[in-house]
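> The structure that follows is given in the form of structure tokens.
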Amino acid sequence: MAESPWWHGGVLYQLYVRSWRDSNGDGYGDVRGIIERLDYLSWLGVDGIWLSPTMPSPDQDWGYDVSDYTGVHPELGTLDDLDALIAAAAERGIRVLLDLVPNHTSSAHPWFLDAVSARDAEHRDYYVWADPAPGGGPPNNWLDATGQPAWQWHAATGQYYLHNFLAGQPDLNWWLPSVHAEFREILRFWFDRGIAGFRIDVAHGLYKDAELRDNPPLPPGSSRLDGRFGLRPVYNANRPETHSVYREWRKIAGSYSPARLLLGETWTGDVGRLASYYGNDDELQLAFNFPFAFAGFEAPALTAVAAETTAALPPGACPVWTGSNHDIGRFPTRWCAGDERKIRLALLVLATLPGTMVLYYGDEIGMTDVDVPAALRRDSMTLSGNNPQGNRDRARTPMRWDDSPSGGFTAEGVVPWLPLGNPLQPNLTGPSVARQRDDPGSTLWLCRRLLELRRAELGGGIPRLEILSAEPHLWVYRVGRLVVAANFSGRPAGMPAAAGEVLLTTSGEEPGTDGRRGAALGPWQGVVARQSG
Ligand code: NOJ
């Protein structure tokens, strides 16, 4: 029988390279810094790491504007450093995933520099060009990520080019076979070097409507996943043709041994559409579940998405559970408002759902968003204050390794690229790895124990998620031999009878008894039990 892929029941750790560990004292995290701290990841028990963009870039969008798809950004290291990381990680059983940005390039990419040189330039059609609308002005009503027209006028060649994000991020034209061919080569380049897979940026966005039709209005009350700035992105996202790209890439990923992983940033509020990106087990192996991350931190909301996801995914497909990332912010803030009991409960839920768990760096110590003062912000996409994602710098601040002024992130005296905390609130030090590692009752230790339990009980498979009850304040589910009970309230709750042998609780203590109702869960307490047999 074929061995299960590592991500079935596995844990992927998203690491924002610039903020994880600075090895050379320039204030920016780097690839060598990751190598220095691999033993920590191995102690924690992760199966893979996804590095936020590492390729050369002018950094208008911190690497999501690529100027060379087969290099390493000099600020982060070299190709040799990356090779060394792949090898050192492999020694510890950790796979390395890169971030791939196929929806757009940087305007500094040689393809675009050529494309703007003349209308008949070799790479002109690599991008989406259009004439002005009949009455003049942009070709249609599409808006970019800042709410401005998604079209930039290029006077020298007398046409507009499309940018769904910043003007420095021109969209590629996926209707062109040469663009497909370029990316097939890029995939092979990295797979040949031992990269275990890609997180695919804007995976839902590659194809655009061939007729460039106007987007319809967004109905009032729609979620942020359904659209923004009053428009529903019907014609510039989630186009059916995009699936052909993943069928092509899946064949390439599957031709390697072990198979490489394609994990999509599938931005959709519709779980059915999310499921479509898995194809017939011939597209993405994993697709991010944003409806789950955006659900309220309450049993009915989370249960509803979990149940819908389980029902919608094709047989054998592996769901993905995450609460934080570099765009949407950190779950310890969004879900838990910094309350450690809730943070522990959220970790327990994420770690006991079947499929793949994605941790964002710092989740394991309960790092919260940082209120970065306006003068120190670095994210140009949200600097205008107009982006629905708010200020993304809040979730990109340096990892807190220890309690020193540099946080152990960089050398003492060096100013990190983003502050560790809000300098206007000097007493707000936040959690650190060093402090929590010394305390077996800490969130970090709980997370480590959860990952250990996950590996032992859920690793190598995708057991069925059976929801046993979802009352407003209590979620109980069975997964494999485990029964999980999570109390989403500040009041004690009854433990389900016959839950089995308690393996772990978020408070570190066995659930107590309230005399009347048998075993009780404390406020915001979660329990994992194992049924015998
Ligand atoms: C999604 C990425 O996660 C985000 O950080 C970026 O700004 C956009 N895609 C554009 O690449």
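The values are calculated or read from the model by the stated rules, or taken from the named source; none is laboratory data. Being a predicted model, the structure only gives us computed values, none of them experimental. Neighbour counts are summed over all protein chains in view; Cβ atoms, including those assigned to glycine, are modelled from backbone coordinates with ideal geometry. Surface accessibility is based on the protein's heavy atoms, side chains included, excluding ligands, DNA and RNA. Shrake-Rupley method; radii C 1.70, N 1.55, O 1.52, S 1.80 Å.
> Under unit Cβ charges (Lys, Arg +1; Asp, Glu -1), what dipole magnitude, rounded to 20 debye, does the chain have relative to its Cα centre?
Numbers: 47 positive and 63 negative charges, 297 e Å.
Its charge dipole is roughly 1420 debye.
> Classify region 439-491 as rounded, prolate or oblate from the Cα gyration tensor: take a ≥ b ≥ c as the square roots of its eigenvalues, call it rounded if a/c is under 1.5, otherwise prolate when a/b beats b/c and oblate if not. The partial results should precede the final answer.
Numbers: a/c = 3.70, a/b = 1.09, b/c = 3.39.
Oblate, because a/c is 1.5 or more while a/b does not exceed b/c.
> Using only the Cα atoms of the chain, build the gyration tensor, take square roots of its eigenvalues as a ≥ b ≥ c, and label the shape rounded, prolate or oblate: rounded if a/c is under 1.5, else prolate if a/b is larger than b/c, else oblate.
Values: a/c = 1.67, a/b = 1.49, b/c = 1.12.
Judged from the Cα gyration tensor, the chain comes out prolate (a/c at least 1.5, a/b above b/c).
> Tell me which of 106, 128, 58 sits at the most positive position along the dipole axis of region 55-182, charges placed on C-beta atoms (Lys, Arg +1; Asp, Glu -1).
Result: 128, furthest along the dipole toward the positive end.
> In the neighborhood of residue 326, defined by Cβ-to-Cβ distances under 13 Å, what is the net charge if each Lys or Arg adds +1 and each Asp or Glu adds -1? Numbers along the way, then the final one.
Values: positive: 18, 199, 330, 378, 392, 394, 396; negative: 61, 99, 201, 265, 327, 363, 369, 379, 393.
Neighbourhood net charge equals -2.
> Bin width 10 Å, origin at 0, all Cα-Cα pairs of region 11-164: what percent of pairs per bin?
11, 32, 25, 18, 12, 3, 0
> While we're looking at this one, here's another question. In a solvent-free Debye calculation with one equal scatterer on each Cα, what is log10 I(q)/I(0) for region 96-176 at q = 0.12, 0.13, 0.14, 0.25 Å⁻¹, listed in the order of the q values?
-0.33, -0.39, -0.45, -1.27
> Can you work out the FRET efficiency for the pair residue 412 and residue 466, with r the C-beta to C-beta distance and R0 = 30 Å, to the nearest 0.05? Could you put the intermediate results ahead of the total?
Details: r = 52 Å, r/R0 = 1.73.
According to the calculation, E is roughly 0.05.
> In cubic angstrom, how much convex hull volume per residue do the alpha carbon atoms of region 245-295 span? Show your work: numbers first, answer last.
Values: hull volume 3.4 nm³, N = 51.
Considering the Cα atoms of region 245-295, their hull volume per residue is 67 Å³.
> Let me ask something else about it. Ranked from highest to lowest mean number of other Cβ atoms within 10 Å per residue, what is the order of the peptides 503-511, 162-170? Display every interim value, and only then the final one.
Details: 503-511: 18.1, 162-170: 22.8.
Top to bottom by mean Cβ count within 10 Å: 162-170, 503-511.
> What is the percent carbon and sulfur in the accessible area of region 1-157, measuring with a 1.4 Å probe over the protein chains and ignoring ligands? Mind dumping the intermediate values first?
Values: 2740 of 5500 Å².
For region 1-157, the apolar C and S fraction of the accessible surface comes to 50 percent.
> Okay, next question. Cα atoms only: what Rg and Dmax, in Å, come out for region 331-474?
When restricted to Cα atoms, region 331-474 yields Rg and Dmax of 17.5, 54 Å.
> From Cα pairs below 8 angstrom and at least 6 apart in sequence, can you work out the relative contact order of region 163-320, rounded to a whole percent? Mind showing how you got there, number by number?
Details: 226 pairs, mean separation 31.8, N = 158.
Value for region 163-320: 20 percent.
> Please give the net charge around residue 388, taking every other residue with its beta carbon less than 9 angstrom from that of residue 388, where Lys and Arg add +1 and Asp and Glu add -1.
On the way: positive: 224, 228; negative: none.
Computed value for this residue: +2.
> Please give the per residue accessible area of the chain, computed with a probe of 1.4 Å over protein heavy atoms only, in Å².
Details: 19760 Å² over 533 residues.
For the chain, the per-residue accessible area is 37 Å².
> Find, among the trypsin sites (Lys or Arg not before Pro) in region 70-148, those assigned to loop by DSSP (not H, G, I, E, B) with at most 10 other beta-carbon atoms within 10 angstrom.
Values: sites: 92, 95, 119, 124; in loops: 92, 119.
Nothing satisfies the criteria.
> Take region 381-426, drop everything but the C-alpha atoms, weight them equally and run the Debye formula without solvent; then report log10 I(q)/I(0) at 0.33 Å⁻¹ to two decimals.
Values returned for q = 0.33 Å⁻¹ are -1.23.
> Can you compute 3J(HN,Hα) from phi for each residue in region 127-133, using the Karplus curve 6.51 cos²θ - 1.76 cosθ + 1.60 with θ = phi - 60°, rounded to whole Hz and x for Gly and Pro?
10, 9, 10, 8, 6, x, 4
> Taking a quarter of the surface of the Cα convex hull of region 208-359, what do you get in nm²?
Values: hull surface 41.4 nm².
That works out to 10.3 nm², a quarter of the Cα hull's surface.
> Under 1.5 on a/c is rounded, so check that first for region 261-336, then, if it is not, pick prolate when a/b is larger than b/c and oblate when it is not; a ≥ b ≥ c are the square roots of the alpha carbon gyration tensor eigenvalues. All intermediate terms of the calculation are to be shown ahead of the outcome.
Numbers: a/c = 2.51, a/b = 1.51, b/c = 1.66.
Judged from the Cα gyration tensor, region 261-336 comes out oblate (a/c at least 1.5, b/c at or above a/b).
> Would you mind counting up the charge near residue 286? Only other residues with Cβ under 11 Å from its Cβ, with Lys and Arg at +1 and Asp and Glu at -1. The partial results should precede the final answer.
Values: positive: 199; negative: 265, 283.
Net of charged neighbours comes to -1.
> Okay, next question. Pairs of Cα atoms under 8 Å, at least six residues apart: use those to get the relative contact order of the chain, whole percent.
Numbers: 1158 pairs, mean separation 73.5, N = 533.
Result for the chain is 14 percent.
> Moving to a separate point now. Restricting to the chain, what percent of DSSP beta bridges are antiparallel, rounded to 5? It would help to have the intermediate numbers written out before the result.
On the way: 37 of 61 bridges.
About 60 percent, rounded to the nearest 5.
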